[in-house]
Amino acid sequence: MTNTSTIERSRVVSRTSAAPVVRRRSRGGRPAWEEPSTPVGQAAKGLTLGGVLAVIVVPLWIIVLTSVSSPGAVNRAGGLVIWPDGLSLQAYREMLGDSTVRTALLVSLGVTVVGTALSMVVSVLCAYGLSRSRSLGHRFILLLLIITMFVGGGMIPTFLVVTGLGGYNQYWALILPSAVSVFNILVLRSFYSSTSGELIDAARADGAGDWRILWSVVLPTSRAVTAVIALFYGVGYWNSFFNVMLYMPTESEKWPLQYVLLTYVNRGVGLPGSVNSGFGSANAQTAPLSLQMAVVVLTLVPLLIVYPFVQKHFRTGVLTGAIKG
């Protein structure tokens with residue numbers, strides 16, 4: 001009996017030793033993409049990030065440098081200036097001394113601030129109402145909003161509606177036609193739907209209504225997504241110029257800064273009634289290219305000032321609503 005059991009154990013051992021060894025990752029092990037990268041991987045990442053940084057920084061450097069270059073430096077460079085040579089702020093003095101540019105800057109700031117505030121109020125209220133399961137008809141309204149993302153009336157019907165309501169040559173025509181983004185509402189709704197139910201129930205137990213809950217519970221817990229959506233709306237209003245072409249093509253004193261930029265840079269002509277109406281001539285004190293780049297820089301400055309304050313919320317806000325594993 002002893003010999004038989006010994007033989008069986010030896011057979012089991014031999015079969016076990018012949019089988020391939022399968023190494024399994026320990027429970028505390030890390031996946032492959034979290035392992036320390038090799039020197040080659042680190043070098044590839046560095047080169048990639050350096051290339052992306054160069055693509056972003058080099059054009060900005062050239063634009064800013066050209067805007068502060070003298071006409072002689074622009075002529076010697078044959079166009080865009082890459083290396084500092086004969087720096088001058090004459091282009092900025094000339095641009096800011098232009099009443100049309102100053103008015104356009106104020107118009108852009110006003111449209112951006114008012115438009116962003118209006119869009120955020122409408123989007124937040126709509127998203128909060130759609131996120132509450134007890135809201136009357138919220139599913140039907142949500143379906144209608146989603147349909148508008150794929151089916152639209154088109155540019156001509158929109159133009160006829162706006163002009164029929166008296167929006168031609170009116171500032172509100174630059175705001176209301178693009179005041180609401182269904183995508184932004186869906187992002188806000190997704191975040192509001194994930195708000196802790198215990199917090200809302202506790203607020204209701206204390207006698208808070210929907211307005212109080214929205215203001216004191218939902219909004220304070222959703223600063224990230226609110227900041228990002230406000231940034232999206234603000235950038236959209238600040239960069240918008242197409243509505244000006246539709247509803248305000250002849251009112252130069254009402255043009256926002258982006259349309260002034262289009263006039264200066266793309267068309268290469270001076271604005272009506274502007275002190276620079278003859279720029280580009282032989283008597284110009286500033287190179288036309290420097291003046292154009294100065295307008296470009298002016299359009300970039302407000303976004304560069306605002307973005308650092310929103311950047312800390314950007315990652316959280318953009319990833320809101322993503323699928324969680």
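If I go through the range 60-79 residue by residue, how many of them are under 23 Å from V260 (Cα atoms) and touching a strand residue (DSSP E or B) at 6+ places or on another chain (Cβ under 9 Å)?
Going through the range 60-79 one residue at a time, the tally reaches 4.
In this structure, is R11 modelled with pLDDT under 85, farther than 30 Å from L300 by Cβ, outside any helix (DSSP H, G or I) and not β-branched (V, I, T)?
Taking the combined requirement at face value, the residue does not satisfy it.
Before we move on, is Y233 assigned by TED's automatic domain parsing to the domain that holds T299, under 25 Å from V306 (Cα atoms) and under 28 Å from the mean Cα position of the chain (by Cα)?
yes
For residues in the range 30-53 being in a loop (DSSP other than H, G, I, E, B) and loosely packed, with under 10 Cβ neighbours inside 10 Å, which is modelled with the highest pLDDT?
Restricting to residues being in a loop (DSSP other than H, G, I, E, B) and loosely packed, with under 10 Cβ neighbours inside 10 Å, the top hit is T38.
Among the residues of the range 122-153, count how many are free of Cβ contacts under 8 Å to residues at least 24 places away in the same chain and under 15 Å from S178 (Cβ atoms).
The number of residues fulfilling the criteria is 2.
Scan the range 54-75 and tell me whether some residue there is in the same structural domain as V296 (by TED's automatic domain parsing), in a helix (DSSP H, G or I), aromatic (F, W, Y) and within 26 Å of the chain's Cα centre (by Cα).
no
Give the residue, chosen from M245, M293, that is loosely packed, with under 14 Cβ neighbours inside 10 Å and modelled with pLDDT of 75 or more.
M245 is the lone residue from the list that is loosely packed, with under 14 Cβ neighbours inside 10 Å and modelled with pLDDT of 75 or more.
Take the residues of the range 198-233 that are of a type in the set (A, V, I, L, M, F, W, C) and not in a helix (DSSP H, G or I): which is nearest to C126 (Cα to Cα)?
L219
Check V124, V151, V40, V113 and return the single one that is more than 30 Å from S290 (Cβ to Cβ), in the same structural domain as I175 (by TED's automatic domain parsing) and out of contact with any helix residue (DSSP H, G or I) (no Cβ under 8 Å at 6 or more places or on another chain).
Exactly one of V124, V151, V40, V113 is more than 30 Å from S290 (Cβ to Cβ), in the same structural domain as I175 (by TED's automatic domain parsing) and out of contact with any helix residue (DSSP H, G or I) (no Cβ under 8 Å at 6 or more places or on another chain), namely V151.
Out of the residues in the range 92-123 that are within 18 Å of the chain's Cα centre (by Cα) and among the aliphatic types (A, V, I, L, M), which is surrounded by the most Cβ atoms within 10 Å (Cβ to Cβ)?
The selected residue is V111.
The values are calculated or read from the model by the stated rules, or taken from the named source; none is laboratory data. Source: prediction; values computed, not measured. Every residue, glycine among them, receives a Cβ derived from its backbone with ideal geometry; neighbour counts consider all protein chains shown.
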